[in-house]
Amino acid sequence: MQIEFDNAFLRELPGDPEQGPRVRQVPGAAWSRVDPTPVAAPRLLAWSPEAAALVGLDAADAADPAFAQVFAGNALLPGMQPWAANYGGHQFGSWAGQLGDGRAISLGEAVGGGGRWELQLKGAGQTPYSRFADGRAVLRSSIREFLCSEAMHHLGIPTTRALSLVATGEAVVRDMFYDGHPRPEPGAVVCRMAPSFLRFGSWELPASRGDPALVRQLADFVLRHHHPQLAGQGEAGHGEWFAQVCERTAAMVDGWMRVGFVHGVMNTDNMSILGLTLDYGPYGWIEDYDPDWTPNTTDAQGRRYRFGTQAQVAYWNLVRLAQALSPLFATAAPLEAGLQRFADAYERARRATVAGKLGLAVADGDDVALFDQLLELLQAGQVDMTLFFRGLDGLDPAAPDIGVVDAAFYDPDARAAVEPRLRQWLARYAARLAADPLDAAGRRDTMRRHNPLYVLRNWLAQEAIDRAEQGDLGGVEALQEVLRRPYEEQPGRSHYASRRPEWARQRAGCSMLSCSS
C-alpha cells in the first residue's frame, strides 16, 4: 500500500513549537504535531472504493491487514506527518474561543491523479485541543459519518468524503443525551478526506487574537493551492476569493434544501472554506416536511439550526468570516460585495432547484411562489418530502390525481384536512406544466435528476447501527450500496424508500440526536 504525500500545510504555515497531546492554548500557529493514539484491535468494517481511488488505493489495498492498522492510527505510511489543526469558532451564536481538532488528526496531504486530499482520522485520540475529552469516537456516530459523507457525494452535494470505517476493539464511554446516564459503547475511527479541512473558524481565531499576519498566511495558502488563478493579486484576489467562498456556500446549502438535509450544528467551526458539507454530527433528514425541525437535542429549545433557517445561518456565518478577513482589506466594500454574491447565488440556485423539483425548463418568481405554497401544504399535511416529490413526477397534467403521492402521507386526519387545498394546488401546477416547453419525458427526467428516491433517513441509519453493534455489518453494506444510486429505482429496495415507521418517531437516534460521539 503506497500513497504519495506532500504536506504543504505543515511546510507553509506556522506550527506549534511543542509536540504531543498536552492540552494548551496555541497562539500564532495553524497546527500542532501529534500522533494518533494506537488502539487495541483495529478491524476494517467498511470502505469506499470511490474515495479510495482518489488517493490511488484499491480492493487489494483494503484487503491488506496493514490498511486497518494505518487507518485506525496504529501505523504510519512513509510521508505521513500527523497533526491537529488550530481554529476557533462561534457555537450557537456565541464566540467559543480556541477549539481545534479535539479528536481529529490529519495524517498528511495525499497527491496524485485524484488531486490533493488531506486524510484525517476522526476518533484517533487526544490532541492539544481535546480539552477534557478522550479524543475518541463511538461506532454509532462513525457509521453515520461514513455513510452520510459518501451518500451526499452521490446525491451531487459538495462534501468531505469517507475512505474507511475501522473498529478499535475498545469501549468508549458516552452520555448520549447528557442526562447522567453514560454507558460504554464500541469505538471506531473514520478516515475522512477533503482537499482541505480549513473552516471559517481557522481565520476567526487568529483575528480574535490580533494576529493579522496569520490571517493573511492562511488566506494566501488557500489561494496558492485551491484558487491559483487568484494568487498574488493582493486585495483584488482576496476579494474575489471571499466572493467565491460565499457562492460555494450558497450552492452547498441549496443542495441541502433540495434533498431535505439538516446539518444540525452549523457553527462557524463546522463551515468549510471550500463550501463542502463538513462534520456529520447530529444531522438528520426531513421526513414529514417541517421547516422548524432540527435533529440536534442541544438545539431543541432555540432551534437555531432548524431546516428552514440554514441559508440565513450560512449568511450569518459568512459575516463572521468577513469580519475575520477584514485585515486583508482597506475598506469593507469587497467583503460587502462578496456577501451580496451569496444572496444572488442562493437566489439563482433556489430557482434552479424549484425548476428541477417541479420539472420546469426554468422557474420565475411566480413558480417560486407556487413552490412555496406547496411547502406550506406539505407542512400542514404532515407529508413526506422525499416521497411526495418523487411521486409528483407521475402526475398527468391532463387529469391531475392526488393518488400519485398517496405514499407520502403519514396521518389520515392531516391528509383529510389539507387535501382540498392540495387538489387545488395540483390543478394550478398541471396548468403550469401545460404551458412549459418541456415535454412529459423531459419533465420526468428533470424531476428524477433533482428528486432522490433514497436518502439516509435517520431510522435507516439506526437500523444499520443496531445490527453493527451486534457484529452484523449487513445493514451498513446494504445502505452503502443503495445510496450509491439515490436517483435510480432499485428493484427489491422498497424498504429504503419508505415512510418513517411509527417505532422511529420518538426513538433516540431517529428523531433527535446529540453532539455526543
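Candidates in the stretch 456-495 are the residues that are touching a residue at least 12 places away in the same chain (Cβ under 8 Å) and among the small types (Gly, Ala, Ser); of these, the one that is surrounded by the fewest Cβ atoms within 10 Å (Cβ to Cβ) is Ala478.
Each row is one residue, and each column tells you yes or no for (1) surrounded by fewer than 24 Cβ atoms within 10 Å (Cβ to Cβ); (2) aliphatic (A, V, I, L, M); (3) more than 24 Å from Asn270 (Cα to Cα); (4) in contact with a helix residue (DSSP H, G or I) (Cβ under 7 Å, 6 or more places away or on another chain).
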{"site": "Gln19", "(1), (2), (3), (4)": "yes, no, yes, no"}
{"site": "Val23", "(1), (2), (3), (4)": "yes, yes, no, no"}
{"site": "Pro27", "(1), (2), (3), (4)": "yes, no, no, no"}
{"site": "Ala60", "(1), (2), (3), (4)": "yes, yes, yes, no"}
{"site": "Gly79", "(1), (2), (3), (4)": "yes, no, yes, no"}
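Which one of Leu205, Leu165 is touching a residue at least 12 places away in the same chain (Cβ under 8 Å), touching a Phe, Trp or Tyr at 6+ places or on another chain (Cβ under 7 Å), buried (at least 24 other Cβ atoms within 10 Å of the Cβ) and not assigned by TED's automatic domain parsing to the domain that holds Ala62?
On the way: Leu165 fails: not assigned by TED's automatic domain parsing to the domain that holds Ala62.
After ruling out the rest, the residue left standing is Leu205.
Flag set for Asp445, criterion: outside the structural domain of Met152 (by TED's automatic domain parsing), under 30 Å from Leu479 (Cα atoms) and without any contact (Cβ under 8 Å) to a residue 24 or more places away in the chain.
Restricting attention to the stretch 366-386, report how many residues are surrounded by fewer than 21 Cβ atoms within 10 Å (Cβ to Cβ) and assigned to a helix (DSSP H, G or I).
Looking only at the stretch 366-386, we keep the residues that are surrounded by fewer than 21 Cβ atoms within 10 Å (Cβ to Cβ), and these are 366-373, 375-377, 379-380, 382.
This time we only want the ones that are assigned to a helix (DSSP H, G or I), so: 366-373, 375-377, 379-380.
Count: 13.
When Val23, Val39 are screened for being out of contact with any Cys (no Cβ under 8 Å at 6 or more places or on another chain), at pLDDT 95 or above, closer than 20 Å to Glu170 by Cβ and in a loop (DSSP other than H, G, I, E, B), only Val39 passes.
The rows are residues; the columns are (1) touching a Gly at 6+ places or on another chain (Cβ under 9 Å); (2) part of a loop (DSSP other than H, G, I, E, B).
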position: Gly275; (1), (2): no, yes
position: Asp279; (1), (2): no, yes
position: Trp293; (1), (2): yes, yes
position: Tyr305; (1), (2): yes, yes
position: Gln310; (1), (2): no, no
position: Ala314; (1), (2): no, no
position: Thr331; (1), (2): no, yes
position: Glu336; (1), (2): no, no
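Within the stretch 336-365, if we keep just the residues that are among the hydrophobic types (A, V, I, L, M, F, W, C) and within 14 Å of Thr249 (Cβ to Cβ), the residue that is surrounded by the fewest Cβ atoms within 10 Å (Cβ to Cβ) turns out to be Ala343.
On the given criteria, is His226 surrounded by fewer than 19 Cβ atoms within 10 Å (Cβ to Cβ) and modelled with pLDDT of 95 or more? Full working, then the answer.
Numbers: surrounded by fewer than 19 Cβ atoms within 10 Å (Cβ to Cβ): yes; modelled with pLDDT of 95 or more: yes.
Taking the combined requirement at face value, the residue satisfies it.
Which residues, counting only those in the stretch 126-139, are of a type outside the set (Asp, Glu) and over 16 Å from Arg192 (Cα atoms)?
Looking only at the stretch 126-139, we keep the residues that are of a type outside the set (Asp, Glu), and these are 126-133, 135-139.
Result: Gln126, Thr127, Pro128, Tyr129, Ser130, Arg131, Phe132, Ala133.
In the condition set (1) part of a loop (DSSP other than H, G, I, E, B); (2) at pLDDT below 95, Thr298 is compliant with all but (1). Of the residues making up the stretch 403-427, those that are in contact (Cβ under 8 Å) with a residue 24 or more places away in the chain, part of a helix (DSSP H, G or I) and either in contact with a His (Cβ under 8 Å, 6 or more places away or on another chain) or surrounded by 17 or more Cβ atoms within 10 Å (Cβ to Cβ) (or both) are Ala408, Arg415, Val418, Leu422, Trp425, Leu426.
Quick one: in the stretch 38-53, which of the residues that are within 28 Å of the chain's Cα centre (by Cα) and surrounded by fewer than 18 Cβ atoms within 10 Å (Cβ to Cβ) is nearest to Leu77 (Cα to Cα)? Working first, answer last.
Filtering the stretch 38-53 down to residues within 28 Å of the chain's Cα centre (by Cα) leaves 38-39, 42-53.
Applying the additional criterion that residues be surrounded by fewer than 18 Cβ atoms within 10 Å (Cβ to Cβ) yields 38, 43, 49-50, 53.
Numbers: Pro38: 14, Arg43: 18, Pro49: 19, Glu50: 21, Ala53: 17 Å.
The residue in question is Pro38.
Does at least one position in the stretch 173-188 carry a residue that is crowded, with 24+ Cβ neighbours inside 10 Å and touching a strand residue (DSSP E or B) at 6+ places or on another chain (Cβ under 9 Å)? Yes, the stretch 173-188 has at least one match.
The values are calculated or read from the model by the stated rules, or taken from the named source; none is laboratory data. A quick note: this is a predicted structure, and the numbers were derived from the prediction, not measured. Backbone-built Cβ (ideal geometry, glycine too); neighbour counts: all protein chains shown.
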